[in-house]
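A.B. asks: Just passing along the structure, written as structure tokens.
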Amino acid sequence: MTRWLKLANTVKLRALLRQSQAGTGAYVQAELAKIQAEGSGFLNAGESANVQPGYLVTAGKQNPFWEAYYRTAAGIVTANFTDLRPTEFILSEYQRLNDPRLARLYARTSAGQYRGVVFGAPATSGTTFNRANTSTFLGPRENNNLAGGFLRAPSSRRCS
């Protein structure tokens with residue numbers, strides 16, 4: 001139970017670090033004081049809060065997110081994966097910020113560019129935003145066996 005408390009505190013710390021850059025210093029200090037008073041601390045280097053819920057690379061026993069949105073136990077791409085597309089907004093933000101994660105998370109289109117969908121656009125919006133003309137998410141198979149964003153492994157269990 002202590003590791004779970006440390007994990008929760010570590011996640012809170014990450015959020016507080018980001019909030020500290022937004023000029024909310026008093027709030028951040030108060031929240032840090034609460035964490036210190038609670039006494040569990042944070043996850044240290046080499047410490048994790050791993051859990052193994054029993055996922056296997058077997059039909060019906062894989063990580064449910066993986067099996068629904070990436071590949072089956074036989075390695076076949078699911079229909080949901082081929083339908084998942086990033087939005088134009090998120091791609092433009094990655095590009096504007098020159099974010100190196102862009103190339104690790106999304107594939108370029110056949111035209112060599114990153115292209116997303118317009119959030120909320122109807123399926124009948126023509127060919128501009130169809131599968132052939134938009135970027136796909138990269139999973140490990142498409143990314144030199146490196147985790148691609150939210151797709152790690154069919155038996156993924158890591159929580160830290």
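The values are calculated or read from the model by the stated rules, or taken from the named source; none is laboratory data. Please read these numbers as outputs of a predicted model, since none were measured by experiment. Positions of Cβ are generated from backbone atoms using ideal geometry, with glycine treated the same way; all protein chains shown enter the neighbour counts. Areas reflect the complete protein model, heavy atoms only, side chains present, ligands, DNA and RNA absent. Shrake-Rupley method; radii C 1.70, N 1.55, O 1.52, S 1.80 Å.
A.B. asks: Report in % the part of the accessible area of region 31-99 that belongs to carbon and sulfur, leaving out ligands and nucleic acids; probe 1.4 Å.
C.D. replies: 56 percent
A.B. asks: Per q in 0.23, 0.35 Å⁻¹, report the Debye log10 I(q)/I(0) for region 34-74, using one uniform scatterer on each alpha carbon and no solvent.
C.D. replies: Log-scaled intensity ratios, in q order: -0.75, -1.12.
A.B. asks: Among (i) 18.7, 72; (ii) 19.7, 57; (iii) 17.5, 58, which is the computed Rg and Dmax of the Cα atoms in Å?
C.D. replies: Only one listed value fits the structure, namely (ii).
A.B. asks: A further question follows. Rank Tyr27, Trp4, Val51 by how far each Cα sits towards the positive end of the charge dipole of the chain (+1 on Lys, Arg Cβ; -1 on Asp, Glu Cβ) and give me just the farthest.
C.D. replies: Val51
A.B. asks: For the chain, what does the accessible surface come to per residue with a 1.4 Å probe? Please give it in Å².
C.D. replies: Value returned for the chain: 65 Å² of accessible area per residue.
A.B. asks: Once you list every other residue whose beta carbon is under 13 Å from the beta carbon of Val11, what net charge do they have if Lys and Arg are +1 and Asp and Glu are -1?
C.D. replies: +4
A.B. asks: For the chain, what is the charge dipole size about the Cα centre, in debye to the nearest 20, if Lys and Arg each add +1 at the Cβ and Asp and Glu each add -1 at the Cβ?
C.D. replies: The calculated dipole for the chain is roughly 240 debye.
A.B. asks: Another question, if that's okay. Compute the projected area of the convex hull of the Cα atoms of region 1-86, averaged over all viewing directions, and report it in nm² to one decimal place.
C.D. replies: 8.7 nm²
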